[in-house]
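Here's the structure, in structure tokens; my notes come after.
The values are calculated or read from the model by the stated rules, or taken from the named source; none is laboratory data. Model, not experiment: these values are computed from the prediction. We place every Cβ from the backbone using ideal geometry, glycine too, and count neighbours over all the protein chains shown. Surface accessibility is based on the protein's heavy atoms, side chains included, excluding ligands, DNA and RNA. Shrake-Rupley method; radii C 1.70, N 1.55, O 1.52, S 1.80 Å.
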Amino acid sequence: MEPRNLLFSPSILGGNFSRAAAELGEIASSGADYVHLDVMDGSFVPEITFGRKFIGDLRPLSDLVFDVHLMVNRPEDKVRAFADAGAGIITVHAESTDHIVRVLSLIKELGCECGIALNPGTSVNFIEAALPFADYITVMTVNPGWGGQKFIPECLKKIEALDYLRRTEGYRYLIEADGGVSLDTIGPLYKAGMDIAITGSAFFRESDKAQFLDRMREKAEEWL
Ligand code: DX5
Ligand code: ZN
């Protein structure tokens with residue numbers, strides 16, 4: 001099989017926030033395609049990370065697309081602030097709102113690309129009617145809220161289902177996987193249909209990050 005394009009979105013959550021500007025520079029020089037920014041509100045998930053000021057302050061320091069993952073309740077009230085702060089992609093959780101299609105439309109009106117994230121316990125069926133409206137679907141491969149957790153292999157089936165649905169229905173979304181993505185898990189993820197690997201702790205553990213992404217790519221292609 002011909003290798004598909006594999007993209008990387010390293011998560012700043014895996015780094016040290018006191019060195020955020022330097023960590024962003026390391027993400028850019030690794031050859032990554034996006035930078036992943038995890039916003040947690042202490043309500044949808046227990047932890048609190050950062051908000052629009054942090055993202056807005058980082059924005060002028062890089063040309064990379066900011067891939068903002070909102071783990072917040074009532075995202076419809078908050079997406080404007082993150083679009084203004086410089087997000088390129090805004091992803092909201094299917095479980096965080098009763099109005100997913102309205103939020104996706106609002107994100108597009110604000111000039112960003114839009115994504116839907118799915119917790120490990122949420123099935124693809126739950127968002128089937130919203131799939132035509134999404135640019136990205138993020139399959140959480142850990143329970144959202146913390147970096148450094150163990151990959152949940154049962155989530156691979158959802159990636160396969162999303163890949164099948166886009167081929168049969170002609171949907172355009174790219175599939176992201178988020179949580180526990182490493183050299184040990186990239187192969188099955190890529191084989192299942194993932195296009196974008198979000199990687200936090202595995203990425204920041206490495207000293208040579210460009211070489212790490214090359215190894216991830218090689219490992220993925222071994223599974224085709
Ligand atoms: C978890 C976040 C992830 C996190 C991934 O709730 O959404 O983006 O940074 O970290 P690792 O790669 O360490 O699992
Ligand atoms: Zn994330």
Within the stretch 134-144, how many residues turn out to be more than 10 Å from ligand 2 (Cβ to nearest atom) and either among the hydrophobic types (A, V, I, L, M, F, W, C) or surrounded by fewer than 17 Cβ atoms within 10 Å (Cβ to Cβ) (or both)?
4
Does the stretch 162-172 contain any residue that is more than 16 Å from ligand 2 (Cβ to nearest atom), open to solvent by less than 30 Å² (accessible area, probe 1.4 Å) and either among the hydrophobic types (A, V, I, L, M, F, W, C) or in contact (Cβ under 8 Å) with a residue 40 or more places away in the chain (or both)?
yes
Taking the stretch 81-96 only, how many residues are in contact with a Ser or Thr (Cβ under 8 Å, 6 or more places away or on another chain) and either of a type outside the set (Gly, Ala, Ser) or assigned to a strand (DSSP E or B) (or both)?
2
Looking at 179, 193, 115, which one is more than 16 Å from ligand 1 (Cβ to nearest atom) and under 15 Å from the mean Cα position of the chain (by Cα)?
193
Of all residues in the stretch 33-63, count the ones that are away from ligand 1 (no atom under 13 Å from the Cβ), part of a loop (DSSP other than H, G, I, E, B) and in contact with a Leu (Cβ under 8 Å, 6 or more places away or on another chain).
2
It is to be established whether one or more residues within the stretch 120-131 are among the acidic types (Asp, Glu), at pLDDT 95 or above and crowded, with 17+ Cβ neighbours inside 10 Å.
no
Taking residue 183, is it open to solvent by less than 50 Å² (accessible area, probe 1.4 Å) and assigned to a helix (DSSP H, G or I)?
no
For the stretch 2-21, give me each residue that is loosely packed, with under 11 Cβ neighbours inside 10 Å and modelled with pLDDT under 95.
2, 3, 5
From 100, 196, residue being crowded, with 22+ Cβ neighbours inside 10 Å, away from ligand 2 (no atom under 16 Å from the Cβ), closer than 23 Å to residue 87 by Cα and of a type in the set (A, V, I, L, M)
100
Within the stretch 160-176, which residues are touching a Leu at 6+ places or on another chain (Cβ under 7 Å) and within 16 Å of ligand 1 (Cβ to nearest atom)?
175
